[in-house]
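Have a look at the structure below, then the notes.
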Amino acid sequence: MRLLEELCRIQAPSGNEKSLSEYLLNYIEAQKVHWRTEPKVLSGEQFQDCILLVFGKPRSAIFAHMDSIGFTVRYGNELVQIGGPSIKSGYKLVGEDAQGKIECTLQYDEEAHALTYAYEREIERGTELVFKCNFRETDDTVQSCYMDNRLGVWSALQVAETLENGIIAFSSWEEHGGGSVAYLARYIYEHYGVRQALISDITWVTEGVKAGQGVAISMRDSLIPRRAYVQKIIGIAKASGIPYQLEVEGAGGSDAKELQYSAYPWDWCFVGAPEDNVHTPDEIVHKKDIESMVALYRELMAKL
Amino acid sequence: MRLLEELCRIQAPSGNEKSLSEYLLNYIEAQKVHWRTEPKVLSGEQFQDCILLVFGKPRSAIFAHMDSIGFTVRYGNELVQIGGPSIKSGYKLVGEDAQGKIECTLQYDEEAHALTYAYEREIERGTELVFKCNFRETDDTVQSCYMDNRLGVWSALQVAETLENGIIAFSSWEEHGGGSVAYLARYIYEHYGVRQALISDITWVTEGVKAGQGVAISMRDSLIPRRAYVQKIIGIAKASGIPYQLEVEGAGGSDAKELQYSAYPWDWCFVGAPEDNVHTPDEIVHKKDIESMVALYRELMAKL
Amino acid sequence: MRLLEELCRIQAPSGNEKSLSEYLLNYIEAQKVHWRTEPKVLSGEQFQDCILLVFGKPRSAIFAHMDSIGFTVRYGNELVQIGGPSIKSGYKLVGEDAQGKIECTLQYDEEAHALTYAYEREIERGTELVFKCNFRETDDTVQSCYMDNRLGVWSALQVAETLENGIIAFSSWEEHGGGSVAYLARYIYEHYGVRQALISDITWVTEGVKAGQGVAISMRDSLIPRRAYVQKIIGIAKASGIPYQLEVEGAGGSDAKELQYSAYPWDWCFVGAPEDNVHTPDEIVHKKDIESMVALYRELMAKL
């Protein structure tokens, strides 16, 4: 879990994924020679801060978003949200401006709807702040801010080790409404004819999806994937013997939103471990669900 | 109205349009040899469950969505909505899971905002339920669930009989936010250069649009079509002598949303009969409005 | 400011930008021979009512929306909004229907949420009404309805005079959710490989952005542009010595929305003068902010 911890510690709120992107490019460069198949690595201005890994003759693509929720400094000590972070007075936030590194405290006045920071000096306008990382591991669980979605990224990197045919896309802006998957989807469809997607992201522990009972296959959230594709995925999962749970929600979304509305006929399905304490500094995931997430992705990328 | 009744009886909620798509493909295969012009039929994985019919040298395209509103079984006896169905305790719902065919009853507890079904056994997670069809016909009206939009599909099939130049697109997901028109629009624009659209769908009886007074031409809903195109359509309608009504709304939407936001310069206009009891099992449409809908589409496809 | 006044007086609500588009095409035709570089002018049905000006070898594009907020006549004396105009009883509205020119009065009954007009006769269904223009100029300010965004258009025309390499796009529908930038962005990217955008539009005077202190560079609004691109722009502004202010908001949007969600990897940044009395007939802008807006656009188009 060393790699996962390092991923969780990197500051990369939506719109500024650069540091994580550079970390991943270095990691991939160093590791890819040890992987079963060496992928083609696509990055650079044409992909903004995103990365595409193309293995063999791809039939399906994994999308894992790099960005996290956070806060932007507005005027005075005001904050505005990046995505939908949990808001609770006392959370520790970190960042950096021209005057140096920052560790400050979130303050929320519910009555006035006032979101501010407490710090010894004024922080520069536009500075980004993220949750301070407190990475915790037990025999059964891992816990930290940003399991969503550093764990989805981590899982994709595990899958990369043995992947023979397929694409892995590391995307941006997911927590704040999207903005990269549309062009990644176009590029992939036009260059490789691929239109089958798996969304490698983290979902919620609920009354229907419990910690430790396997990776969740989402039959729907606020959007509804094409039934025939979801059934194919459930069929592969069933045959594999890997533990999984079926999720059915009326809310929530993911990178799939951009695939659903894209000008290319993508099929998609969200497949990911569930977490508790969603969008707080204390997101917690059961290790068995991480295990089955990686195992199911390996199976799906081989069989789809 | 036999064909319309059959269309209304087919289960095809957003995301699972397959049964209706197969029914239409069979119907088209059997009928097209009797039509004035035999269309090219485009379908298959590249179009998911959608269908394109291309007649002669097309200048305009009709979009008719196949999907309907409904419900998905969540956990226990909970339901989540597909699109925006009317919710009233007592509505009969039908569906099927691995244990067999289902006919159950909708329950809505307004205070608890709890949407559930009553049935003799637990229904499998993710099962789709739709309104039970009770098709009723009088001298003046037809009534059933899903007139929206089986009537729009039916009308397009009537137009197909004599169409010489044009495209008919049967689309998916309209009731749940869309997801197919974006790629159909791209395909049509790129392959045929067509950018004029008519939305063959059903609208609302209101204080300004009355049952029996003609098909509605919508000047706007939540979106605003390009005025020059709407005026051209109104001009053709006026000259034709076919009864029509002008609609002006600030809410509501259609497949046009995806055309408006597409990366291709589509003009669009919603043209459809009005119904009462919108999104209930009792949607009712006046036969005169159905007649003028088909007549105006024939005129528009010839003149646009 | 004669040209600005003429632009403010032209009726062009979202969806009916034709009159302004024709005015601009005439203006450009007459003026372009006097500009440092004569641009290629792209317009016509393929661009609906939009216009593209292509100068030299472009690296960046300015987007300035032509359309304005307004109202559509519904049934009886009801009105529905085009975009989000300020609503206050007594505002003068103008328009035209088949019976002639109209000058009527807005009425708003807050309790009944009833938006109507007062006029001597019934206005035809679907007629568009806009604020009556009262253009006012002092030594320091200009004031009128529709500074947003006739001033953004005007500024782009000033920049055109000396532009050597770049694209200027005059867009439609911005005030009502968009609908043209998606295809303009595709066209520009495919034909010129350009993916750097500046949004030439008007923002708000707030506690952090004051009138007279320089053009605003927006670090974010409801959407978050890529940080690396915004930093490049701030760097150019800083080096130039031109007065500017940094804006950070959690709400509001612009033509950038369509760039953010487009299937092409556009970078974008909103750069525009702030106004007070937003979306009323009395929008007011400081002349110093207009000056620095034009100056900064010249610098950015040269340096980006």
task: Mind grabbing the accessible area of B:Glu124 for me, 1.4 Å probe, Å², rounded to tens?
output: 70
task: Using +1 at the Cβ of each Lys and Arg and -1 at the Cβ of each Asp and Glu in chain B, identify which of B:His65, B:Val41, B:Thr162 lies farthest towards the dipole's positive end.
output: B:Thr162
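Quantify, in whole percent, the carbon and sulfur part of the accessible surface of the protein assembly as shown (1.4 Å probe; protein heavy atoms only). Intermediate values should be presented prior to the final figure.
Working: 14570 of 32590 Å².
It is 45 percent, rounded to a whole number.
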FRET E, pair B:Tyr23, B:Ala251, Förster distance 25 Å, beta-carbon r, rounded to 0.05: 0.20
statement: Taking Cα pairs closer than 8 Å and at least 6 residues apart, the relative contact order of segment B:72-187 in percent is 22
field: Debye intensity ratio I(q)/I(0), log10, segment B:104-158, q values 0.14, 0.15, 0.16 Å⁻¹ (C-alpha model)
entry: -0.63, -0.69, -0.74
query: In nm, to one decimal, how far is the modelled label at B:Ser222 from the one at C:Ser222, with both set 7 Å along Cα→Cβ?
result: 1.2
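Order of A:185-191, A:252-258, A:112-118, A:22-28 by packing, highest average Cβ count within 10 Å first? Intermediate values should be presented prior to the final figure.
Numbers: A:185-191: 19.3, A:252-258: 23.3, A:112-118: 14.3, A:22-28: 16.4.
In descending order of packing, they fall as A:252-258, A:185-191, A:22-28, A:112-118.
For the protein assembly as shown, what is the Kirkwood estimate of the hydrodynamic radius, computed as the reciprocal of the mean inverse distance between distinct Cα atoms, to one decimal in Å? Intermediate values should be presented prior to the final figure.
Details: mean 1/r = 0.0343 Å⁻¹.
Result for the protein assembly as shown, one decimal place: 29.2 Å.
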- line: The answer for A:Gln245, listing residues at least 5 apart or on another chain whose modeled amide H is closer than 5 Å to its amide H, is A:Val215, A:Ala216, A:Ile217
message: Closest beta-carbon to the C-to-B rotation axis: which chain C residue owns it, and what is the separation in whole Å?
response: C:Ala263, 4
message: I need the Debye-formula profile for chain C: one equal scatterer per C-alpha, no solvent, reported as log10 I(q)/I(0) at q = 0.08, 0.16 1/Å, two decimals.
response: -0.34, -1.32
Cβ neighbours within 10 Å from other chains - mean over C:179-186: 5
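List the accessible area buried at the contact between B and A, summed over both sides and calculated with a 1.4 Å probe, in Å² to the nearest 100.
Values: alone 13190 and 13190 Å², together 24050 Å².
Protein heavy atoms only, the B-A interface buries about 2300 Å².
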- request: Please give the direction-averaged projected area of the C-alpha convex hull for segment B:169-259, in square nanometres with one decimal.
  value: 6.5
- prompt: With r defined as the distance between the Cβ atoms of B:Leu3 and A:His113 and R0 fixed at 45 Å, what FRET efficiency is calculated, to the nearest 0.05?
  reply: 0.20
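About the Cα centre, and with charges only on the beta carbon of Lys, Arg (+1) and Asp, Glu (-1), how big is the dipole of the protein assembly as shown? Nearest 20 debye, please. Walk me through the numbers on the way to the answer.
Details: 90 positive and 132 negative charges, 571 e Å.
It works out to roughly 2740 debye.
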message: So, for chain C, what is the accessible surface per residue at a probe of 1.4 Å, expressed in square angstrom?
response: 36
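Give, as a single signed number, the net charge of other residues whose beta carbon lies under 12 Å from the beta carbon of C:Lys40, with Lys and Arg counted +1 and Asp and Glu -1. Don't skip to the end; give the middle numbers.
Details: positive: C:Lys32, C:Lys57; negative: C:Glu38.
Charge balance in the 12 Å sphere: +1.
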query: How high is the FRET efficiency from A:Lys40 to C:Tyr192, r the C-beta distance, R0 25 Å, rounded to 0.05?
result: 0.40
Mean ellipticity per residue at 222 nm, deg cm²/dmol - from DSSP H runs of n ≥ 4 across chain A, formula -39500 (n - 2.57): -8500 deg cm²/dmol
- prompt: Can you list, shortest first in nanometers, how far A:Glu22 lies from the same residue in the other copies, with each label 7 Å from Cα toward Cβ?
  reply: 5.5, 5.5
field: Over segment B:1-124, relative contact order from alpha-carbon pairs under 8 Å, at least 6 apart, %
entry: 18
task: For segment A:70-131, evaluate the Debye formula with one uniform point scatterer on each Cα (no solvent term) and list log10 I(q)/I(0) at q = 0.17 Å⁻¹, rounded to two decimals.
output: -0.47
statement: With the 8 Å Cα cutoff and a minimum separation of six or more residues, segment B:70-131 has a relative contact order in percent of 42
- request: Partner chain Cβ atoms within 10 Å, averaged over the residues of B:243-249 - can you pull that number for me?
  value: 3
- prompt: Quick one: label points 7 angstrom along Cα→Cβ at B:Glu161, distances to the other copies in nm, smallest first?
  reply: 6.6, 6.6
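How would C:Tyr119, A:Tyr183 line up by accessible area, probe 1.4 Å, largest first? Kindly include the intermediate steps, with their values, before the conclusion.
Details: C:Tyr119 65, A:Tyr183 5 Å².
Order by accessible area, largest first: C:Tyr119, A:Tyr183.
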task: Would you be so kind as to identify all helices of chain A, as entire DSSP H runs, whose Cα atoms reach 18 Å or more along the helix's own axis and whose mean Kyte-Doolittle hydropathy is at least -0.5?
output: A:18-31, A:147-160, A:227-240, A:287-303
field: Pairs of alpha carbons in segment C:67-223 whose separation is greater than 25 Å (percent)
entry: 46
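Enter the mean number of other protein chain beta carbons within 10 Å of the beta carbon of each residue in C:68-80, as an integer. Don't skip to the end; give the middle numbers.
On the way: counts 0, 0, 0, 1, 6, 2, 9, 8, 2, 0, 4, 2, 8.
Shielding by partners across C:68-80 averages 3.
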statement: at A:Thr206 the sorted inter-copy label distances (label 7 Å from Cα on Cβ side), in nanometres, are 3.4, 3.4
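The values are calculated or read from the model by the stated rules, or taken from the named source; none is laboratory data. Since the model is a prediction, treat every value here as computed from it, not as a measurement. Cβ atoms come from the backbone with ideal geometry, glycine included; neighbour counts cover every protein chain shown. Note: areas computed on protein heavy atoms with side chains; ligands, DNA, RNA excluded. Shrake-Rupley method; radii C 1.70, N 1.55, O 1.52, S 1.80 Å.
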